[in-house]
Amino acid sequence: MRFSIQRRHFKDLSEQEILALAISSEEDDAQIYRNYAQRLRAEYPDSAKLFDAMAAEEDEHRQLLIDLHDQRFGPVIPLIRREHVAGYYARRPVWLIENLGLDRIREEAEAMEHDAEHFYLAAAKRTTDAATRKLLGDLAAAEAGHAHHAEGLAEEILDEDTRGEEDRAAHRQFVLTWVQPGLAGLMDGSVSTLAPIFATAFATQDTWTTFLVGLAASVGAGISMGFTEAASDDGELSGRGSPTKRGFASGIMTMVGGLGHALPYLIPDFWTATVTAFIVVFLELWAIAWIQNKYMDTPFWRASMQVVLGGALVFAAGVLIGSG
């Protein structure tokens with residue numbers, strides 16, 4: 001049998017329950033920082049030290065809160081957590097954040113401290129009890145202190161050279177894991193499906209048949225590219241990251257590249273659909289050139305020539321075959 005949690009409003013909590021909530025929140029945050037540190041330790045050891053230090057800070061504050069609770073209410077702390085309180089700030093699950101890169105983890109840690117500070121300040125304004133107001137104000141000040149101290153720790157542990165080195169490593173890993181296989185998939189999906197789609201279009205001049213061929217070619221190419229990328233390299237020696245992530249990036253972008261100029265053939269009028277598909281192809285090829293220039297450091301003119309020339313040749317082949 002499943003039981004739904006009946007959330008209480010913050011204004012209905014007693015001072016003991018507020019203190020217990022603060023204790024559990026500090027415990028949760030310390031564990032989150034430790035998870036971040038563990039996630040980063042192999043690739044970004046200095047950032048891992050930062051999160052270890054922040055977790056230690058949360059442990060100290062939690063112990064101070066426990067000591068205060070023991071003095072005022074005794075050793076038995078009520079079991080109350082943030083999910084039991086309506087409107088209390090939530091923490092995103094670690095697995096939603098830890099795979100999104102170093103910058104995203106840093107941003108989340110900063111947001112954690114500021115969220116707690118703002119919540120306690122707002123809660124202090126809503127209460128009329130002097131002792132509760134003081135407690136909430138003290139907690140808000142503590143959270144603000146956490147944020148400022150975290151900034152100091154970052155400056156102490158992550159000097160400019162270290163931060164720059166880690167940022168470059170994170171960017172390189174992002175390119176290897178997501179951009180490179182995604183770009184390969186987008187190029188393959190955009191270019192390789194041109195011939196069958198436009199050959200079918202000009203051979204049949206039937207938009208629905210053309211759409212079905214384009215859909216089949218895009219989905220099939222996406223599945224093939226995804227599995228090929230995932231199976232070709234486990235990432236252990238090459239450092240290219242998770243094969244699952246690379247497989248998804250490659251497969252999805254391959255499918256997107258093909259569907260871009262297949263979807264216009266949902267338009268019933270043949271020439272309207274075909275002209276729309278021409279425009280989409282043009283935009284796809286220029287998008288590929290832009291990605292190559294931005295992330296792969298390929299000169300824009302060279303990337304443009306390579307992609308546009310290759311696409312034009314495949315497109316011409318499809319039109320000639322279909323027209324013949």
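The values are calculated or read from the model by the stated rules, or taken from the named source; none is laboratory data. Computed from a prediction, not measured in an experiment: that's the story for all the values here. Neighbour counts run over all protein chains shown; Cβ positions are idealised from the backbone, glycine included.
Which of the residues spanning region 257-280 are within 19 Å of residue 187 (Cα to Cα) and either out of contact with any Ser or Thr (no Cβ under 8 Å at 6 or more places or on another chain) or not assigned by TED's automatic domain parsing to the domain that holds residue 180 (or both)? Answer for region 257-280, where residues must be within 19 Å of residue 187 (Cα to Cα) and either out of contact with any Ser or Thr (no Cβ under 8 Å at 6 or more places or on another chain) or not assigned by TED's automatic domain parsing to the domain that holds residue 180 (or both): 263, 277, 278, 279, 280. Among the criteria (1) more than 15 Å from residue 30 (Cα to Cα); (2) loosely packed, with under 13 Cβ neighbours inside 10 Å; (3) at pLDDT 85 or above, the one residue 72 does not fulfil is (3).
Checking the stated criteria, residue 150 turns out to be surrounded by 14 or more Cβ atoms within 10 Å (Cβ to Cβ), out of contact with any Ser or Thr (no Cβ under 9 Å at 6 or more places or on another chain), among the aliphatic types (A, V, I, L, M) and at pLDDT below 75. Considering only residues that are modelled with pLDDT of 80 or more and either outside any helix (DSSP H, G or I) or crowded, with 21+ Cβ neighbours inside 10 Å (or both), which ones fall in region 38-56? Those that are modelled with pLDDT of 80 or more and either outside any helix (DSSP H, G or I) or crowded, with 21+ Cβ neighbours inside 10 Å (or both): 40, 41, 50, 51, 54.
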